[in-house]
Amino acid sequence: MKHDGLQHYFGREDLTPMWVADMDFRTPDFIMGALRHRCEHEVLGYVFPPDSYWQTVSKWLKNHYRISAKREELHFIPGIVSGISFVLQALTEPGDGVLVTTPVYPPFLNLPQGGHRQLVCSPLKIVDGRFAIDFEDLEWRARQCRWMILSNPHNPGGTVWGEEVLKRLADICYRNNVNVISDEIHADMALFGHKHVSFSTVSSHAKDISITFIAPSKTFNMAGLGSSVCYCPNDALRNRFFGYLDGYEVAGGNIFAYVGAEAAFSKGEEWLKQMLHYLEGNVAFLHDYLVDNLPMVKAILPEASYLAWLDFNDTGLSHEELRDRFINIARVAMNDGTTFGGNSFHCCFRINLGCPRQVLKECLDRISSVLK
Ligand SMILES: Cc1ncc(COP(=O)(O)O)c(C=O)c1O
């Protein structure tokens, strides 16, 4: 999609893709080897996720998220966007309010609207160069809502929400009868000593009102396998949600989804450490590049994952001029900020740093040259 979608989304093919949240890095050998090994058994019939898959998932949840999940509290999900869509279909009605904080990953906006739910947006503030929740605004809007979709860590901008922030968020949602989908797809990639906090672990309220999604997709660059997991500890929510998934038979996985995830979660620790070290180098490179060459560009640098939010408002160029120059002169495809929540994000673009440093440097040189 990252390459083949250029013509469709940007109107030309000769662009360096710095948009879709896939990394340029090869999916690691221990995952590719496991998939090849499965292919050697030349029957690709229906499969169950084996016990070893669930054991590996549980261990990863415990070690990386401090979640002690019982087997019945977990469900396979064929992709997190699908998972969020299933929650909305199973547990909300048309017209129900669904709360998000903007800017945010575009499907969080599109799914509620596509399903004729009422999308309610609470704009994030920027405090000390990072996104922060405006709790007064959020509480006021929460009164009209039944569910919140939280990106934890946040996309775009890679904000790692701290324990106190999540506790306060959980209290507000609990007080207002709002349940929370915590999308933790970027959670394994906390950088620079930041620590991911899983929403359900911050309080009993949080545990009671949440459905959490996790996946190896971003961490190990295997999103095309559609392999994710849902954790739902509250009995009543779980009975309704898992009942929907099983009743409608919408949440099965393919052979490779189980094999790939098991390989990732059982063998991925060392590769992940090295990959994060490389990403930290790219984030530091972006920071230094902007300070030295483009001081008028304000950046929100990721505390987790590989997506940075760039604000070009101080260049004096309009959103359309910037877009035109980036695509047609610099030939760099970044995500348009307005797709993350509308016109208040004019002149903002999301850039993907999951690439060789040389590619990042070349793109920044080209961006820089069209701003001068
Ligand atoms: C916050 C967030 N959630 C979900 C996804 C996509 O998840 P999936 O491919 O499992 O549907 C992405 C991909 O960029 C993402 O950033």
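Each value in this text was obtained by applying a stated rule to the coordinates, not by laboratory testing. What you see is a predicted model, and the numbers here were worked out from it, not measured in a lab. Backbone-built Cβ (ideal geometry, glycine too); neighbour counts: all protein chains shown.
Odds and ends about this structure:
- The distance from the alpha carbon centre of region 265-325 to that of region 91-138 is 23 Å, rounded to a whole number.
- Karplus 3J(HN,Hα) series, Hz, for region 264-276 with 6.51 cos²θ - 1.76 cosθ + 1.60 (x for Gly, Pro): 4, 6, 8, 10, x, 4, 5, 4, 4, 4, 5, 5, 5
- Per-residue Cβ neighbour rank within 10 angstrom, fewest leading, 53, 231, 248: 248, 53, 231
- Alpha carbon convex hull of the chain, volume per residue in cubic angstrom: 138 Å³
- Charge dipole magnitude, Cβ of K and R +1, D and E -1 - the chain, Cα centre, debye nearest 20: 280 debye
- Highest-MSF residue in the chain out of 126, 80, 327 [GNM, Cα springs under 10 Å]: 126
- Computed extension length for residue 269-residue 51: 76.4 nm, one decimal, from 0.36 nm per residue of separation with the Cα-Cα distance subtracted.
- When the helices of the chain are scored as -39500 (n - 2.57) per DSSP H run of n ≥ 4 and the total is divided over every residue, the value at 222 nm lands at -12500 deg cm²/dmol.
- Most mobile listed residue (98, 197, 20) in the chain, GNM with C-alpha springs under 10 Å: 20
- Scanning residues 5 or more positions from residue 118 or on other chains, those with amide H under 5 Å from its amide H are 95, 96, 97, 98, with H placed 1.01 Å from N in the peptide plane.
- Convex hull volume per residue in cubic angstrom - Cα atoms of region 279-323: 72 Å³
- For 67, 329, 367, order by how many other beta-carbon atoms lie within 10 Å, fewest first: 329, 67, 367
- What the phi angles of region 285-292 give under the Karplus curve with 6.51, -1.76 and 1.60, with θ = phi - 60°, is a coupling list of 4, 4, 4, 5, 4, 5, 4, 6 Hz, glycine and proline written as x.
- Using θ = phi - 60° in the Karplus curve 6.51 cos²θ - 1.76 cosθ + 1.60, the 3J(HN,Hα) couplings for region 36-45 round to 5, 4, 5, 5, 5, 7, 8, 10, 9, x Hz; x is entered for Gly and Pro.
- Calculated FRET efficiency for the pair residue 317/residue 40, C-beta based, R₀ 41 Å, to 0.05: 0.15
- Exposure proxy ranking for 148, 296, based on other Cβ atoms within 10 angstrom of each Cβ and starting from the fewest, stands as 296, 148.
- If you plug the beta carbon distance of residue 7 and residue 68 into 1/(1 + (r/R0)^6) with R0 = 56 Å, you get a FRET efficiency near 0.75.
- FRET efficiency for residue 293 and residue 134, using Cβ-Cβ distance with R0 set to 35 Å, rounded to 0.05: 0.60
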